[in-house]
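Asks: The following block contains the structure, expressed as structure tokens.
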Amino acid sequence: MPVAPMQQPTTARGHFIGTVLANELLCREHYRLRVEVRDFPRSNPGQFVQILCGSNLPPGAMPANENDPDFQTPAWTELTWQPGQPPPHPHDRFFAGAAAYLRRPFSIADRHDQAATATTPHVSTLDFIYRVIGKGTRGLESMRPGQRVSLLGPLGRGFAVSATMGLAILVGGGVGIPPMLYLAKILHEKKIPAVVLAGAQRRDLLPLKVSPGAGQRTPFPVATWSVDEFARYGFPTMISTDDGSLGFKGYVTGMLESFLTGLSAPQRPASVIFCCGPTPMMKATAGIAEKFGVQCQGSLEQPMACGMGTCQSCIIKYQPPGQKQWVYKLTCTDGPVFKAQDILW
Ligand SMILES: Cc1cc2nc3c(=O)[nH]c(=O)nc-3n(C[C@H](O)[C@H](O)[C@H](O)COP(=O)(O)OP(=O)(O)OC[C@H]3O[C@@H](n4cnc5c(N)ncnc54)[C@H](O)[C@@H]3O)c2cc1C
Ligand code: FES
């Protein structure tokens, strides 16, 4: 089975002002932010967007993308200052404002497009699923429909999907689940069969709609569930929770190992694991993929600042087979998707 080349980044990226359509609670601490944006470039699953969280740009007739002649980058004052408040102390402008100064990266979880007509522009609806963990995501949580939000993207290299691949095995842990939703959609469009393994710490931290009822017995060694987000594409989902409150009790990697044990020897080299989640989970997934002889692409959620290859805050060590020396790679521009077995974890 030839190894698919890693996805090239889309050359087009830009700065966009989108409009929040919805920001709804999915489960404990997790929200889906839906943003409408004009003329957003083509994107791939695994790519991400840098969001100015809680930017609180006033609704209004601001031009929607940087190609418009009147486009203005939102000024810092818009991050922290509201009419009627005293002017902020210069130090507070950057470090102690109510909103996060640096943008935060979020995977594209879904995308719908409405083509341009003679009278209307191309409009995209982008979905992001986020967990509230700190200042930036608290800012996102406060966003309301109609508010404007500043986006940089699409950024990075996404997952490589080859039309000739066999089974796609989607492994998402926690906030690694969102990019799997967009990937499932594209796999379905390309008619590639897939199964999903989704893991969370507890049932109430799983941002998916699970149909009521017990897990189904299937030809797989792990019970599958009907999860709306994947069932709509005909993909079965296996669920794990660390505490056993839903599905397989234990880590998603334990469930993956059970699942791969049930795959026949000829099925394994034709299958590809696509995974995203916390670093220890990805490291373990890479090891399991190696053990079972399955290709594995991992999307890293390395903390990052600029997201565009400038600040060097997101480096990892990388050593493809046959190379004597490891090299540094930037998660934001060389990734976030890498061949997982080539990363020096
Ligand atoms: C390419 C990429 C895609 C991502 N996609 C998503 C997504 O779809 N949904 C989602 O909820 N999150 C996603 N993340 C993680 C998200 O960017 C962080 O959760 C967010 O930046 C946290 O910002 P904050 O200001 O709320 O938290 P902070 O105040 O910055 O941090 C709070 C705490 O969390 C820790 N932390 C922050 N970021 C990370 C991280 N990336 N990994 C591990 N620990 C971290 C900090 O060290 C700190 O202890 C993604 C990250 C990357 C790099
Ligand atoms: S985040 Fe700045 S170089 Fe990667």
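All of the numbers you see were taken from the coordinates with simple rules; none came from a lab. Quick caveat, the model's predicted, so the values are computed rather than measured. Note: ideal-geometry Cβ built from the backbone for every residue, glycine included; neighbour counts use all protein chains shown.
Asks: Taking θ = phi - 60°, what integer Hz values does the Karplus form 6.51 cos²θ - 1.76 cosθ + 1.60 yield along the range 36-53, in sequence order, with x for Gly and Pro?
Replies: Going residue by residue, I get 9, 9, 9, 6, 6, x, 4, 9, 10, x, x, 6, 9, 10, 8, 10, 7, 6 Hz, with x marking Gly and Pro.
Asks: Show me 195-202, 137-144 ranked by packing, highest mean number of other Cβ atoms within 10 Å first.
Replies: Answer by packing, highest mean first, reads 195-202, 137-144.
Asks: What share of all Cα pairs of the range 208-345, in percent, falls into each consecutive 5 Å distance bin?
Replies: All Cα pairs considered, the percentages come to 2, 10, 16, 18, 18, 14, 10, 7, 4, 1, 0.
Asks: Which net charge results when you count Lys and Arg as +1 and Asp and Glu as -1 among the other residues whose beta-carbon is under 10 Å from that of Asp243?
Replies: +2
Asks: Output wanted: per-residue J couplings in Hz (rounded whole) for the range 269-280, from phi through Karplus 6.51 cos²θ - 1.76 cosθ + 1.60, θ = phi - 60°, x for Gly and Pro.
Replies: For the range 269-280, the Karplus curve yields x, 8, 8, 10, 8, 10, 9, 7, x, x, 4, x Hz.
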